[in-house]
Amino acid sequence: MTGISEILVLLLLITGILILPRLFKKEPVKKVSSSKKNKKLTAKTRFAIVLSVIYPLAVALYLTPWHENQILYVCSGVLPVLLAWAIAWIIAGQKK
C-alpha cells in the first residue's frame, strides 16, 4: 500500500509544480513585433500549400504506388513538391 501512496504523492507534487505556476502567473503584456505582423499567409501561399497536398494525392491515385511504382511515385509526386518548396525558400531568403 505504501508503494501506491508514494506514487500518488509524486504525481501530486509533479502536477503541483507544473500547474500551480501557470495558475498564478500574471498576464504578460503582449508585444507584437513588426516582423510578426507581416507573417500573414497570402492567397498565393495558401494556394501553394493546398496544391502541395493535392498534387501528390492525385499522382498517387494515378500511379497506385501501394501496388507498384513506388520509385516513380516518389520521383514524380513527392520530389517536385519538395523541389518547389526548396526554391521558394531560397527565393524568400534572398529577398530578406
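The values are calculated or read from the model by the stated rules, or taken from the named source; none is laboratory data. Note that the coordinates shown come from a computational prediction; the quantities given were computed from them, not determined experimentally. Because the Cβ atoms are built from the backbone with ideal geometry, glycine has one as well, and the counts that use them run over all protein chains shown. Protein only, heavy atoms only, side chains kept; ligands, DNA and RNA dropped before computing areas. Shrake-Rupley method; radii C 1.70, N 1.55, O 1.52, S 1.80 Å.
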- [ ] Answer yes or no: is there a residue in region 86-95 that is exposed (fewer than 15 other Cβ atoms within 10 Å of the Cβ), at pLDDT below 90 and not in a helix (DSSP H, G or I).
- [x] no
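Residue by residue through region 19-31, note down the ones that are assigned to a helix (DSSP H, G or I) and open to solvent by 100 Å² or more (accessible area, probe 1.4 Å). Can you show your working first?
Pass one, region 19-31, residues assigned to a helix (DSSP H, G or I): 19-23.
Result: Arg22, Leu23.
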